[in-house]
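A.B. asks: The structure's right below; bear with me while I get my questions together.
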Amino acid sequence: MDVLIVLSHPERKSFNGALFDTAVETLTAAGHAVITSDLYRLDFDPVSSRANFKQQKNPDYFKPQLEEMHAAETGSFASELEAEIRKLEAADLVVFQFPLWWFGLPAILKGWVDRVFAMGRAYGSGRIYERGFFRGKRALLSLTTGGFQSSYVVGGEEGDIRGILRPIHRGIFQFTGFDVLAPNIVYGPVRVEEPQRRQWLNQWAQRLRSIESELPIEVGQYA
Ligand SMILES: Cc1cc2nc3c(=O)[nH]c(=O)nc-3n(C[C@H](O)[C@H](O)[C@H](O)COP(=O)(O)OP(=O)(O)OC[C@H]3O[C@@H](n4cnc5c(N)ncnc54)[C@H](O)[C@@H]3O)c2cc1C
């Protein structure tokens, strides 16, 4: 498989960084072609703006989706954005590696989605969900939390983690046609001793060795 792993963590020596390294090493050793986007080290600009485009269809009134369609037709996305879109298009499996921030994606990663999942390249003209551009491809969230696993359940203090992740699973991945694999969630890595963290890294590696044969999960819709 061609695998794209997108890392979003400001500290390269973080536990997220270790999960990222584990994925790169394991998938490469298993014979997959791994490409990466380490967003902080790329100094990726997460702000979607006119700078997304080399030229604009309407310079007087900025309407992002119309400009995206125009850029898709004319090949005029800014080069650093075009490079990221091509990585996404080439991937059979996309992995997001990030710490849960405010119950969602860190801003740099959310902004990567805002810019890279562009109309005309990732969705549009009726190509959504089962007819999405990325049908046949798979996506997986690998995340860490500060909170305990026991609080991320129905009735727990934070609530069901599946509900918290649904906007990403449903509104980003399934919307654009991806099948969703079960998330890899490490709860509270900072709260345990190093042997436990090493064990979690080993479990992640073990799972990744057979990721090609995993089946997608049911995500469900909003109530
Ligand atoms: C803005 C913001 C919003 C947040 N919102 C939420 C929220 O909504 N919900 C929530 O639950 N939490 C939230 N948090 C907490 C956050 O999710 C956690 O702090 C984060 O997930 C922990 O992961 P980390 O990679 O940053 O851990 P780190 O602190 O980097 O790592 C934990 C430990 O692992 C060690 N480590 C690194 N590499 C290895 C290795 N190879 N082997 C063994 N150990 C290693 C590190 O040295 C460290 O001691 C928020 C934090 C911020 C800053």
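A.B. asks: Once phi is turned into ³J(HN,Hα) by the Karplus curve 6.51 cos²θ - 1.76 cosθ + 1.60 with θ = phi - 60°, what whole-Hz value does each residue of the stretch 4-12 show in order, with x for glycine and proline?
C.D. replies: Going residue by residue, I get 10, 10, 10, 9, 10, 7, x, 10, 5 Hz, with x marking Gly and Pro.
A.B. asks: Just to be sure I understand: with springs between alpha-carbon atoms less than 10 Å apart, which residue in Arg191, Arg12, Arg209 has the highest mean-square fluctuation in the Gaussian network model of the chain?
C.D. replies: Greatest mean-square fluctuation among the candidates belongs to Arg191.
A.B. asks: Which residue, Trp102, Trp200, Trp112, has the most motion in a Gaussian network model of the chain that connects Cα atoms within less than 10 Å?
C.D. replies: Comparing Trp102, Trp200, Trp112 in a Gaussian network model of the chain, the most mobile one is Trp102.
A.B. asks: Per residue, how large is the accessible surface of the chain? Use a 1.4 angstrom probe and give square angstrom.
C.D. replies: On a per-residue basis, the chain sits at 50 Å².
A.B. asks: Suppose every K and R has +1 on its Cβ and every D and E has -1 on its Cβ; what is the size of the dipole of the chain about the Cα centre, in Debye to the nearest 20?
C.D. replies: 180
A.B. asks: For the stretch 9-141, what proportion of DSSP beta bridges, expressed in % and rounded to the nearest 5, is antiparallel?
C.D. replies: 40
A.B. asks: At a 1.4 Å probe, what is the % contribution of carbon and sulfur to the accessible area of the stretch 160-223?
C.D. replies: 48
A.B. asks: Run the accessible area of the stretch 1-106 with a 1.4 Å probe and give the carbon-and-sulfur part as a rounded percent.
C.D. replies: Heavy-atom surface of the stretch 1-106 belonging to carbon and sulfur, 1.4 Å probe: 54 percent.
A.B. asks: Of Ala23, Ser151, Trp101, which is farthest towards the positive pole of the stretch 22-156's charge dipole, taken about the Cα centre with +1 and -1 on the beta-carbons of Lys, Arg and Asp, Glu respectively?
C.D. replies: Positive-most Cα among the choices belongs to Ser151.
A.B. asks: In whole Hz, what ³J(HN,Hα) sequence does the stretch 46-58 give by Karplus (6.51, -1.76, 1.60; θ = phi - 60°), x for Gly and Pro?
C.D. replies: Each residue's phi maps through the Karplus curve to give x, 8, 6, 7, 4, 5, 5, 10, 6, 9, 10, 5, 10 Hz.
A.B. asks: When you take every Cα atom in the stretch 98-223, what is the radius of gyration, and what is Dmax, the widest Cα pair distance, in Å?
C.D. replies: 15.8, 51
A.B. asks: Give me, ordered by chain and number, the residues 5 or more places off Trp101 or on other chains with an amide H under 5 Å from its own placed amide H.
C.D. replies: It is none; the list stays empty.
A.B. asks: Taking amide H atoms as placed 1.01 Å from N in the peptide plane, list the residues 5 or more away in sequence, or in a different chain, whose amide H sits under 5 Å from that of Gly188.
C.D. replies: Thr145, Gly146, Gly147
A.B. asks: May I pose another question? Can you list the DSSP H helices in the chain whose Cα atoms extend at least 18 Å along the helix axis and whose mean Kyte-Doolittle hydropathy is -1.0 or higher?
C.D. replies: Correct list, ordered by number: 15-29.
A.B. asks: To continue, here is another question. Restricting to bridges with both residues inside the chain, how much of the DSSP beta-bridge set is antiparallel, in percent to the nearest 5?
C.D. replies: Restricted to the chain, the bridges split so that about 10 percent are antiparallel.
A.B. asks: How compact is the chain by the rule of thumb for globular proteins, expressed as Cα Rg over 2.2 N^0.38 Å?
C.D. replies: For the chain, the normalised Cα radius of gyration comes out at 1.04.
The values are calculated or read from the model by the stated rules, or taken from the named source; none is laboratory data. Predicted model only: the values in this text are computed from it and were never measured. No Cβ is skipped: glycine too gets one built from the backbone with ideal geometry, and neighbour counts run over all protein chains shown. Ligands, DNA and RNA are excluded from the accessible area calculation, which covers all protein heavy atoms including side chains. Shrake-Rupley method; radii C 1.70, N 1.55, O 1.52, S 1.80 Å.
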